[in-house]
1. Could you tell me whether any residue of the range 44-55 is closer than 21 Å to Gly276 by Cβ, not acidic (Asp, Glu) and not in a helix (DSSP H, G or I)?
2. Taking the conditions exactly as written (within 24 Å of Leu55 (Cα to Cα), touching a residue at least 60 places away in the same chain (Cβ under 8 Å), among the polar types (S, T, N, Q) and surrounded by 21 or more Cβ atoms within 10 Å (Cβ to Cβ)), does Thr229 satisfy them or not?
3. Filter the helices (runs of 4 or more DSSP H) completely within the range 150-259 down to those with at least 3 residues that are touching a strand residue (DSSP E or B) at 6+ places or on another chain (Cβ under 8 Å) and at pLDDT 85 or above.
4. Given the structure, is Arg162 of a type in the set (D, E, K, R), under 30 Å from Leu148 (Cα atoms) and under 19 Å from the mean Cα position of the chain (by Cα)?
5. Of the numbered conditions (1) surrounded by fewer than 18 Cβ atoms within 10 Å (Cβ to Cβ); (2) free of Cβ contacts under 8 Å to residues at least 40 places away in the same chain, Gly95 fails exactly one; give the number of that condition.
6. Select from the range 78-106 the residues that are aliphatic (A, V, I, L, M) and closer than 13 Å to Val40 by Cα and list them in ascending order.
7. Please tell me if Leu140 is modelled with pLDDT under 85 and more than 25 Å from Ala78 (Cα to Cα).
8. Kindly list the number of the only condition in (1) in contact with a helix residue (DSSP H, G or I) (Cβ under 6 Å, 6 or more places away or on another chain); (2) at pLDDT below 75 that fails for Gly65.
Amino acid sequence: MAAELGLESAAGSMEINMQEPVNKLKFLHALVAGGVAGMVVDIALFPIDTVKTRLQSELGFWRAGGFRGIYKGLAPAAAGSAPTAALFFCTYECGKQFLSSVTQTKDSPYVHMAAASAAEVLACLIRVPVEIAKQRSQTLQGNKQSGLQILLRAYRTEGLKRGLYRGFGSTIMREIPFSLIQFPLWEYFKLQWTPLTGFDSTPFSVALCGAVAGGISAGLTTPLDVVKTRIMLAERESLNRRRSARRILHGIYLERGFSGLFAGFVPRVLWITLGGAFFFGFYDLTTRILGATSTHH
């Protein structure tokens, strides 16, 4: 596919020069590609995410639903995946180019880490309410309520900060370390692909790099994901509503040891490894197709 389109790799094709008129077009490419990739991943791998969430739940896997209704919460996830992914990648690509021009460096891991961190914070403005609706549906806490009804109830009973944005801090605490590991690895693997293999970058190679980077990052940040899940699912009477992330981690360790801290490790690594392959592959492929289409007009 890459040879037919005659375009560069995802990193190369998305280098946005803020001085060029084509900047707006490439920005739109990032928006569309990120949205398409995010939705494909969320829908295709949703059952794995449900299993992971139920394993991490304070209720325990079987009380949270076991293998029943593994597509519960799909609607809010599907609705929120495209705007969340699009916002992230637009911020990431623009931030990466801006910081590269300011620091006069290219392909610096520090630039990638800073851009990814800023993108994660902005993306969480959409991601956190979506995660609350999704995870409460996945663990059957929402009963037969829709995602919108769950969010409205959370807002009415708990307010904006403690309701719609419960777990905002813990989500950022999970996402930023994840990105600090994943995105520099992804960029590094892409840069090394051609020198090491002798083959040009393709959507497949980008997908493979994304899968490896995602799997490593997922495994290392599993305890932070457990904390985030516990906080978002906490009932009004739960102690997790009032505990800090550090105290929740300590409590989980005292209760279940390291197995508790790494609850859902296998489905999380599997989900993000496959998700990395799908996401980065579809993102790269979509930007190539959009780029090829625009050059023909």
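The values are calculated or read from the model by the stated rules, or taken from the named source; none is laboratory data. Every value quoted in this text rests on a predicted model; they were computed, and no experiment measured them. So basically every Cβ, Gly included, is an ideal-geometry build from the backbone, and we count neighbours across all protein chains shown.
1. In the first step, residues of the range 44-55 are kept if they are closer than 21 Å to Gly276 by Cβ; the result is 44-53, 55.
Still in the running and not acidic (Asp, Glu): 44-48, 50-53, 55.
When the remaining residues are screened for being not in a helix (DSSP H, G or I), the result is 45.
Scanning the range 44-55 turns up at least one residue that is closer than 21 Å to Gly276 by Cβ, not acidic (Asp, Glu) and not in a helix (DSSP H, G or I).
2. Values: within 24 Å of Leu55 (Cα to Cα): yes; touching a residue at least 60 places away in the same chain (Cβ under 8 Å): yes; among the polar types (S, T, N, Q): yes; surrounded by 21 or more Cβ atoms within 10 Å (Cβ to Cβ): yes.
The answer is yes for Thr229.
3. Numbers: elements: 168-197, 203-220, 222-233.
Result: empty, no element qualifies.
4. Working: of a type in the set (D, E, K, R): yes; under 30 Å from Leu148 (Cα atoms): yes; under 19 Å from the mean Cα position of the chain (by Cα): no.
It is false that Arg162 is of a type in the set (D, E, K, R), under 30 Å from Leu148 (Cα atoms) and under 19 Å from the mean Cα position of the chain (by Cα).
5. (1)
6. Let us first name the residues in the range 78-106 that are aliphatic (A, V, I, L, M), namely 78-79, 82, 85-87, 99, 102.
Hits for the range 78-106 are Ala78, Ala79, Ala82, Ala85, Ala86.
7. Details: modelled with pLDDT under 85: yes; more than 25 Å from Ala78 (Cα to Cα): no.
For Leu140, the condition - modelled with pLDDT under 85 and more than 25 Å from Ala78 (Cα to Cα) - is not met.
8. Answer for Gly65: the failing condition is (2).
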